[in-house]
Amino acid sequence: MNWIELASAVGVGTIVAKFIDIKYLQPYIAKKQLSVWLRDKRFHAFSKLTKNLIAFGLEEQGNIKSPFEHYAIASDALLLIDNRNLCKKIDQFIVKRDAMERKMDKSESSTDLEKTYESLVNESRDIIVALRRELRNDET
């Protein structure tokens, strides 16, 4: 075999391999990297929101937050959630939690507050389960 033929065969093979890499592999790799990046961002945002939901905004000792601060904590997660119903649930939870805190400030009846608290605990658990589902459905 001639050296020139061998060199041209290697050159053509390299060009074909690079074409396959650019045409088919690079878009797949980019999509996979985006998916990993998005999952990582979701994990961090959902973790922060979950902490806030479980602790009712009292994750920092002695620091009671306003509803606006709760929305600020939830904002990253809300941007990354694809499910609109889940976004609405989170919004409603923050509003209801604020209403409960206002009732506590007014020293309303403890039985009414207990019912509201139990309802909010159940809602927070449902939201957390939905966040977990949202995070796991993104895996590819």
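The values are calculated or read from the model by the stated rules, or taken from the named source; none is laboratory data. Only a predicted model underlies this, so the values are computations on that prediction, with no experimental measurement involved. Note that each Cβ is placed from the backbone with ideal geometry, even for glycine, and that neighbours are counted across all protein chains shown.
Some values worked out for this structure:
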| read-out | value |
| --- | --- |
| Test result for Leu113, touching a residue at least 60 places away in the same chain (Cβ under 8 Å), surrounded by 12 or more Cβ atoms within 10 Å (Cβ to Cβ) and part of a helix (DSSP H, G or I) | no |
| Single match in Ile73, Ile94 (criterion: touching a His at 6+ places or on another chain (Cβ under 6 Å) and of a type in the set (Val, Ile, Thr)) | Ile94 |
| Failed condition for Ser47, given (1) in contact with a Lys or Arg (Cβ under 6 Å, 6 or more places away or on another chain); (2) at pLDDT 90 or above | (1) |
| Subset of the stretch 74-86 (residues that are surrounded by 14 or more Cβ atoms within 10 Å (Cβ to Cβ) and under 13 Å from Lys41 (Cβ atoms)) | Asp76, Ala77, Leu78, Leu80, Ile81 |
| Qualifying residue in the stretch 61-69 (condition: in contact (Cβ under 8 Å) with a residue 12 or more places away in the chain and not in a loop (DSSP other than H, G, I, E, B)) | yes |
| Residues located in the stretch 28-60, provided they are in a loop (DSSP other than H, G, I, E, B) and under 19 Å from Glu123 (Cβ atoms) | Ala55, Phe56, Gly57, Leu58, Glu59 |
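Residues checked against (1) within 15 Å of Ala130 (Cα to Cα); (2) surrounded by 15 or more Cβ atoms within 10 Å (Cβ to Cβ); (3) in contact with a helix residue (DSSP H, G or I) (Cβ under 7 Å, 6 or more places away or on another chain); (4) not β-branched (Val, Ile, Thr):
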{"position": "Ala55", "(1), (2), (3), (4)": "no, no, no, yes"}
{"position": "Lys65", "(1), (2), (3), (4)": "no, yes, no, yes"}
{"position": "Ala72", "(1), (2), (3), (4)": "no, no, no, yes"}
{"position": "Lys88", "(1), (2), (3), (4)": "yes, no, no, yes"}
{"position": "Asp105", "(1), (2), (3), (4)": "no, no, no, yes"}
